[in-house]
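Undergrad: One structure coming up, written as C-alpha cells, with questions to follow.
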Amino acid sequence: MNYQPRGISTLQGPASYQSEVEAAQALLKNQPTWNGVSAEAVARMRLQNRFRTGLDVARYTAALMRADMAAYDNDPTKYTQSLGCWHGFIAQQKLISVKKHFGGKTDRTYLYLSGWMIAALRSEFGPLPDQSMHEKTSVPALIEELYTFLRQADSRELNDIFRNLDEARKEGDNTREKELIAKIDNFQTHVVPVIADIDAGFGNAEATYLLAKKMIEAGACALQIENQVSDEKQCGHQDGKVTVPHEVFIAKIRACRHAFLELGVEDGVIVTRTDSLGAGLTQQIAVSHKPGDLGDKYNSFLDCEEITAENARNGDVIINRNGKMLRPKRLPSNLYQFRPGTGEDRCVLDSITSLQNGADLLWIETEKPHIEQIAKMVDRIREVVPNAKLAYNNSPSFNWTLNFRWQVYDAMKEAGKDVSKYNRAELMKPEYDETPLAIEADERIRTFQADSAKRAGIFHHLITLPTYHTAALSTDNLAREYFGEQGMLGYVKNVQRQEIRQGIACAKHQNMAGSDIGDDHKEYFAGEAALKAGGAHNTMNQFG
C-alpha cells in the first residue's frame, strides 16, 4: 500500500531559498516606503517560520504519520518511536539530539504527550495522580509549548546556516555558498508528530470534541483516548480501572474524528486504548437490543448470579442470558464486576470494535512487557482486521530488568537447564548483572521493540515518562556531588565538561535561548545602529 496524503495535507518541504528571496524582492519593489527592509532578511524569516499555525503543524505531521503507517504495513522493521516530554525544552533537546546523532534526520521519530506527566508536573494544583483531575486546558497548552520549542529549534539551526552563508560570501567561497544554499533547501524540520493523551475525554462526547479541537488547533495530529469512565479514570498500571460500554466509547471516537475533519486535518490519527486487561469493573450495563449485538457481547462478560424470588432485592438489574434471568454482581461502589479471566477476550473485542468504528491504531495496556502475550491478542484481532497495528507503552511502570530476568529464568527452567545458582525471587540484585541469565535478559530488552514490531504488530513504541525519571536521576546525582565534597567540581566535571565534549547544543545556553537570532533581527531592524549581545565580550565565546 502506497499512502497518498489527502486533502490539504502535504509532505512537501518549504519553498527554495532563491524563490523566497525573489518573492520578497517582487513584494518590496512595489512598496517604496518600506525602506530598509531586506528581501533576503524577509526570506530568511519566512523560512524560519515555515509552520505559522498549529493547524499547519497538525496537517503536516498527520500526513507524515500516515506515510509512516503505510511504510510499516509494507515492512515491519520500519516501526516508529517516541519519548514522553513534559516541557518544550525537553522536546527540543530530544529532537536536536536525534538530528545530531542520526545524520540530520528525524525519520520515524515522534513525541508523546503523557496525561500522567501533565498531572504530575504541569497542574496548578501541584503534583496529582493520573486521574484526570488536572486542568484539561493544560493539555493543548503543552502541545503548543512543544511545537513552540521545536519551531525555535528550526529557527536557530537555520540561523546558524544563514550566518555561515554570509561568511562564505564574505570570503568569496562560491562552492561553500552553493553547499549552504542546498543545505537550506533540503533542511529537515525538528517538527515531528505528537501523539497526545486526551485521557478518557474529560467528560461526555461533547466535552471530548471540544478538547480535541483545542489539541488539534495546538498542533496534535494524533489523539490517544482510553475506554475508561471519565470520572473514575485511573493510571493504566494501577488498580481500580472502570471501563465503559462500546457505544459510549465509539461516540468519543466519532467526536475526535469530527474535530479533525472540521479543522481540515483529514489525515488525523486516532489511537484507541483498551484498559480491559487490568480493568475488572464497569459503571454501566450496555444497552442490548438483540442477542449477539455489541451490547450483549459486552454484558456477556459480566459476573452474574441466577436470581430467584428468594434472593431478589429492590433495585436489582436483571439480564437474560441463554434463557436464564441473571443479576450482575454489584459492588458497594455501585459498579459491576466482570468475570475473572476475561480480560484478554475483552481487549480483543474492544480492539476490533474500535478499528471498525474509526480508530487508526490500537493501544493495549498490559501489566508486563511480554511479546507473546501481546502477539496472542493481536493474532486474534488480525483475523478480523488484517492490518491492525499498535502503539505500545514501554512503560517505566514495569520493572524491565526483573520481568526479563524472570522470562529468561522460566525459559531456562522449562528447557531443563540448571538454574540452581539463581534465586528467582532475588534476580534484581546487582551480583546477577554479569551472569549468562542477566546478559540474555538484557539482549531481549535491547531487541524488544524490533522483535515485537515484527511479531506483535507494534507500529509505534513509546516511553511515557522517561524524562520525568531522567530529570530526577540527573538532579539527584548533581545535588549529591555539588552539596557534598566535590562542590563546584560536581557540576563542572559531570555536567559542563560533558556538555562541551559531547557537543550538547545547550552548552552555549545563550545561543540556545535565541540570543544570536535576536542579534540578527536587531541588524535587520536597525542596521549598523544595532546593539548586539554577541560581541567580543560575550562569555559564550569561551565555548568555541
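Every number in this text was worked out from the coordinates using simple rules, so none of it is lab data. Predicted, not measured: the structure shown is a model, and the values here were computed from it. Every residue, glycine as well, gets a Cβ built from its backbone with ideal geometry; the counts of neighbours run over all protein chains shown.
Undergrad: For the stretch 225-382, what's the radius of gyration and Dmax over Cα atoms, in angstrom?
TA: So, for the stretch 225-382, Rg and Dmax equal 16.8, 60 Å respectively.
Undergrad: What percentages, rounded to whole numbers, describe P(r) for the stretch 149-192 computed over all alpha carbon pairs with 5 Å bin width beginning at zero?
TA: Result returned by the calculation: 6, 24, 27, 20, 12, 7, 3, 0.
Undergrad: Of all DSSP beta bridges in the chain, what percent run antiparallel (nearest 5)?
TA: Around 25 percent of the beta bridges assigned by DSSP in the chain are antiparallel ones.
Undergrad: For the stretch 170-279, evaluate the Debye formula with one uniform point scatterer on each Cα (no solvent term) and list log10 I(q)/I(0) at q = 0.13 Å⁻¹, rounded to two decimals.
TA: -0.55
Undergrad: Determine the alpha carbon to alpha carbon distance for each of Lys241/Lys376; Lys508/Lys532; Lys213/Lys252; Lys99/Lys183; Lys78/Lys252 and list only those over 20 Å.
TA: As for pairs spanning more than 20 Å Cα to Cα, those are Lys241/Lys376; Lys78/Lys252.
Undergrad: Also, quick follow-up: Return one quarter of the surface area of the convex hull spanned by the alpha-carbon atoms of the stretch 90-151, equal to its mean projected area, in nm².
TA: 4.7
Undergrad: What are the residues whose amide H is under 5 Å from the amide H of Asp197, where those residues sit 5 or more places off or on another chain and H is modelled from the backbone?
TA: HN-HN under 5 Å from Asp197: Leu113, Gly115, Gln224.
Undergrad: If you don't mind, there's one more thing I want to ask. What distance in nm separates the two pseudo spin-label positions at Tyr482 and Leu402, each 7 Å out from Cα along the beta-carbon direction?
TA: 3.2
Undergrad: Could I get the Rg over Rh figure for the stretch 251-307? Both from C-alpha atoms, Rh via Kirkwood, rounded to two places.
TA: We get a ratio of 1.13 for the stretch 251-307.
Undergrad: Starting from a Cα-only point model with no solvent, please compute log10 I(q)/I(0) by Debye for the stretch 484-528 at q = 0.24, 0.26, 0.29 1/Å.
TA: Normalising to I(0) and taking log10 leaves -0.81, -0.86, -0.93.
Undergrad: Volume per residue, Å³, of the convex hull around the alpha-carbon atoms of the stretch 388-431?
TA: Convex hull of Cα atoms, per residue: 97 Å³.
Undergrad: On to the next question. If you count, for each residue, the other Cβ atoms within 10 Å and average over each peptide, how do 519-526, 153-160 line up from highest to lowest?
TA: 153-160, 519-526
Undergrad: What order, most packed first, do the peptides 420-429, 377-386, 333-342 have when packing is the mean number of other Cβ atoms within 10 Å of each residue?
TA: Ranking, from highest mean packing down: 377-386, 333-342, 420-429.
Undergrad: Give me Val192, Val271, Val42 ranked fewest to most by other Cβ atoms within 10 Å of their Cβ, as a rough exposure proxy.
TA: Val42, Val271, Val192
Undergrad: Could you please state, rounded to a whole Å, how far the C-alpha centre of the stretch 63-133 is from the C-alpha centre of the stretch 243-280?
TA: 20
Undergrad: Sticking with this structure for a sec: Which number do you get for Rg(Cα) / (2.2 N^0.38 Å) in the stretch 359-482?
TA: Here the Cα radius of gyration is 1.26 times the empirical estimate.
Undergrad: If you don't mind, there's one more thing I want to ask. What is the projected area of the convex hull of the Cα atoms of the chain, averaged over all directions, in nm²?
TA: The Cα convex hull of the chain, projected and averaged over all directions, gives 34.2 nm².
Undergrad: Roughly how many whole Å is it from the C-alpha centroid of the stretch 388-408 to that of the stretch 336-350?
TA: Using only Cα atoms, the two centres lie 21 Å from each other.
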